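Trainee: Okay, here's the structure, questions in a sec.
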Amino acid sequence: MSIYNSLVLKYSIVVPFHNEEDSVTELYDRLKAVMEGSGETFELVFVDDGSHDRTFDLLQEIAHIDSRVTVIKLRRNFGQTSALAAGFDHARGEYVIAMDGDLQHDPADIPEFIKKIDEGYDVVSGWRKVRIDNLWMRRIPSRTANWVMAKLSGVDIHDFGTTFKAYRRDILKQIPLYGELHRFIPALASAYGASIVEIPIKNINREKGESHYGISRTVRVFFDLITIRFLLRYLQRPLHFFGGAGMLGIMSGSGLGLWMAIQKLMHPHWNVLDEHGPLIVFAAVLIVAGVQLLALGLLGELHVRHYHQVVRHASYSVERVLRARNEQSTMAD
């Protein structure tokens with residue numbers, strides 16, 4: 001494991017790369033110029049998310065000539081959320097600024113993030129106010145998903161999807177990242193009382209390489225919306241969700257059973273199976289389903305207890321870390 005130096009860093013710029021050899025050098029040059037111009041202490045944390053081109057070779061060359069650069073090489077392509085999680089876990093700055101590695105995010109916008117951070121905000125979220133990408137494949141689905149997400153989460157921002165955001169690092173430490181939850185960090189951070197602000201950023205056409213996103217991502221986003229809604233309301237109390245539905249099923253089934261029992265007492269000559277056969281089956285199914293949901297809620301409560309007692313496991317596996325002075329470490333997280 002690398003030994004952190006004693007330098008107090010204010011900013012860590014985390015950038016995941018996947019087959020971005022055409023963008024690596026230019027993005028590094030622009031980031032370095034902007035951050036040096038800010039006058040703040042900083043580091044650049046570049047994550048190679050299982051690239052098959054020369055991305056890692058170029059990142060390695062940069063790390064050899066600039067001690068402020070940390071390069072993390074993942075063993076395979078884990079996806080953007082896991083790559084960001086790896087960068088966040090290795091970042092040492094008080095604040096973390098995340099952005100894409102394809103040059104669609106302009107480093108010249110970073111001073112605006114810094115300005116809002118200096119005002120005391122915990123999360124600064126970029127807003128692609130003027131979108132220039134495809135109307136039907138990107139803009140309309142994105143606008144719909146963002147509107148739904150804002151309503152479900154109660155966080156009044158316009159653009160959950162962009163990676164270009166700044167965070168206080170101690171907020172990030174409280175949020176486990178997996179799946180594709182990186183775009184919903186502001187919503188999750190709001191549950192911890194984080195102060196959130198949104199700033200307009202440039203939306204730049206991709207000039208080099210190929211986009212890794214398609215319409216299929218929109219479908220996954222809507223599934224994530226359901227997950228986020230559940231996490232925000234019932235993460236700490238899953239029994240309130242499953243238990244409520246379970247008790248409703250048990251009470252409804254029991255009520256039907258009681259009504260049929262009364263009917264049998266009032267009409268002893270009735271054959272209940274002949275008169276209410278389907279209703280008996282329905283009542284039994286309600287009771288069984290209710291018991292199952294109640295048990296599921298109790299299991300959820302046990303998982304919450306387990307979650308708070310064990311160390312969080314990473315959603316990625318690191319092959320190599322390059323730090324200042326060519327320090328290298330190999331680990332399997």
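Trainee: Just check region 81-126 against the gyration tensor rule for me: Cα atoms, a ≥ b ≥ c as the square roots of the eigenvalues, rounded for a/c under 1.5, and otherwise prolate or oblate depending on whether a/b exceeds b/c.
Mentor: Values: a/c = 2.27, a/b = 1.20, b/c = 1.90.
Here region 81-126 falls in the oblate category.
Trainee: Something else: Sort Leu58, Leu27 from largest to smallest accessible area, using a 1.4 Å probe on the heavy atoms of the protein chains.
Mentor: Correct descending sequence by accessible area is Leu58, Leu27.
Trainee: Using a ≥ b ≥ c from the Cα gyration tensor of region 25-184 (square roots of the eigenvalues), is it rounded, prolate or oblate, where a/c under 1.5 gives rounded and otherwise the larger of a/b and b/c decides, a/b for prolate?
Mentor: prolate
Trainee: Could you calculate the contour length gain from Glu119 to Ile65, that is, 0.36 nm times the residue separation minus the distance between their Cα atoms, to one decimal place in nm?
Mentor: Stretched out fully, the Glu119 to Ile65 stretch lengthens by 16.0 nm.
Trainee: Students often check this: by mean Cβ neighbours within 10 Å, which of 269-277, 239-247, 40-48 ranks highest, and how do the rest follow?
Mentor: Values: 269-277: 11.2, 239-247: 17.1, 40-48: 23.3.
Order by mean packing, descending: 40-48, 239-247, 269-277.
Trainee: Another question, then. Give the lysines reachable from Lys32 as a straight Cα distance under 23 Å; neighbours fewer than 8 places away on the same chain don't count.
Mentor: Of all the lysines, those that pass the test against Lys32 - Cα under 23 Å, at least 8 places apart if same chain - are Lys10, Lys73, Lys115, Lys116, Lys165, Lys202, Lys208.
Trainee: Calculated FRET efficiency, Leu279 and Arg139, Cβ-Cβ r, R0 51 Å, to nearest 0.05?
Mentor: FRET efficiency, Leu279 to Arg139: 0.50.
The values are calculated or read from the model by the stated rules, or taken from the named source; none is laboratory data. Quantities reported herein were computed from a predicted structural model and do not represent experimental measurements. For neighbour counting, all protein chains shown are included, and Cβ atoms are generated from backbone atoms with ideal geometry for every residue, glycine included. SASA here: full protein model, heavy atoms, side chains in, ligands and nucleic acids out. Shrake-Rupley method; radii C 1.70, N 1.55, O 1.52, S 1.80 Å.
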